[in-house]
Amino acid sequence: MYEIGNDLSKDVEQFSKWANKAFTLVHKFAVSLLVALCIIDLALPILVAGMRFSKETFIRKVMKYAALFGIVACWNKFTDNILLGIVKSAASTYSGNFDLISTNMSQPQLLLQHGIRMIAPAMNKTASFTSFEFLHNLGTILTLYFFTFLIIAAFLFLAFYVTVVYIEFYVSAALSIVTVPFSAWHFSKFITEGTLGHLISATLKLLIVSVMIGLCVTCIKDSKPGDIFTQSTPGVSQQGSGQAITGPAEYVNMAAEAAQRHEIPVNLFEGMIQHESSWDPHAISPYGAEGLGQLMPETAASLDCADPFDPESNLEASAKYLKQMYDIYGDWDYALAAYNGGPGNVQAGAPLPGWAIEYINAVKSQVVGSYASHSSITSEQLSKYIRMCLALLGLVFLTFKVPRTIMRQMGGTVEIH
């Protein structure tokens, strides 16, 4: 979406360059046309009347054409400084931020960035899932993806709509300057009236759209969509039966820090270490496992643990290894089983063997409190995300619908006297 937004911004920038070149040509044409009409209007009546003319009529025509020449010469400043200035000033009155209006109207990719910011936490949440977690939450994730797609489509549409309104204003301004000279003649002034009316309509439409964009961005700029997925309510929890962690405070703190670094439930990791070695950094099992986390020498070496009997190094490697197992299986019970028996002896989704269940229960008997067995998107989180998406869709709909409804009610014509 960022690339789409940047492409859209580049298209608008390229259009602006083409529009400036086209306006230069149109401006020259309008001046030439006005000169021709001026000569015809001043000279033809004099020639037809046999070189006789009214000074009062002649002076009035000269003043009229002088005014028209001034309008044509300053047309670019009129559209940019006056019409657009009115639009931005009036719109910023409602949003309270002049720069907010200006940047979001002239750079549509910013609107897409606002939309991306609102859906990014949901995408980050699903991206963090392992294959097991993804399949376990598949129904919820598909619902989340559906509403995410709607938001992407809505903000893409909004960006294109703003771009079209912006372009419509400049096209209308360019066409209007060509027809300004025709207002000098009574029988052709209807041409100017038509284009001037369209320019006024385009300006009002741009004003209303700017107000709606300002309100839309103001409503969402301070929102914190990330809060939806930061709550700690677990989808599926496991309860430990341990009474207390009895290890030395120094080692317990090291274990907690290692668990937090590797995003492991602290109480689960502490319970596992307590079961594995009873917090004895010099423990050696009958099978040759060493240290606090009872790592086999080859496993410790693969985890960059040079000295398994060093408490800090062993705990860091143990936490890293347990997290690797979780990333494979997506469930802490399966991760514990693989930690104990090796990943080759545990199959994801298959019933756990008896030895694995015994080990898991032994670890849980040392765990104090509960922990989430695997990551999940809760129904409350999904409900909040859906409500947020519906609110965003409502804002986009109003931003599109309100200007069209107002402009439909503002009929009538513009007359030049």
*In the stretch 337-352, what residues are more than 16 Å from Ser285 (Cβ to Cβ), out of contact with any Gly (no Cβ under 8 Å at 6 or more places or on another chain) and in contact (Cβ under 8 Å) with a residue 12 or more places away in the chain?*
Ala337, Ala338, Pro343, Val346, Gly349, Leu352
*Among (1) in a helix (DSSP H, G or I); (2) at pLDDT 70 or above, the one test that Gly247 misses*: (1)
*asked:* Could you list, ordered by first residue, the pairs with Cβ atoms under 8 Å in which the first is in the stretch 379-392 and at pLDDT below 95 and the second is small (Gly, Ala, Ser) and assigned to a helix (DSSP H, G or I), at least 6 apart or interchain?
replied: Tyr385/Ala122; Leu392/Gly115; Leu392/Ala154
*Odd one out for Tyr287 among (1) within 20 Å of Ala338 (Cα to Cα); (2) at pLDDT below 85*: (2)
*Need at least 2 residues that are crowded, with 23+ Cβ neighbours inside 10 Å per element, so show me which helices (runs of 4 or more DSSP H) inside the stretch 292-393 make the cut, counting only ones lying wholly within it.*
311-329, 332-341
_Quick test for you: out of Ser89, Ser16, Ser102, Ser9, pick the one residue that is modelled with pLDDT of 65 or more and either in contact with a Cys (Cβ under 7 Å, 6 or more places away or on another chain) or part of a helix (DSSP H, G or I) (or both)._
Ser89
*From the options Ala317, Ala306, residue that is in the same structural domain as Ser241 (by TED's automatic domain parsing), without any contact (Cβ under 8 Å) to a residue 60 or more places away in the chain, farther than 25 Å from Ala244 by Cβ and in contact with a Cys (Cβ under 6 Å, 6 or more places away or on another chain)*: Ala317
*Inside the stretch 105-202, counting only helices (runs of 4 or more DSSP H) that do not spill past its ends, which hold 1 or more residues that are of a type in the set (Phe, Trp, Tyr) and modelled with pLDDT under 75?*
131-136
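The values are calculated or read from the model by the stated rules, or taken from the named source; none is laboratory data. All figures in this text were calculated on a predicted structure; none of them were measured in a lab. Note that we place each Cβ from the backbone using ideal geometry, even for glycine, and neighbour counts take in every protein chain shown.
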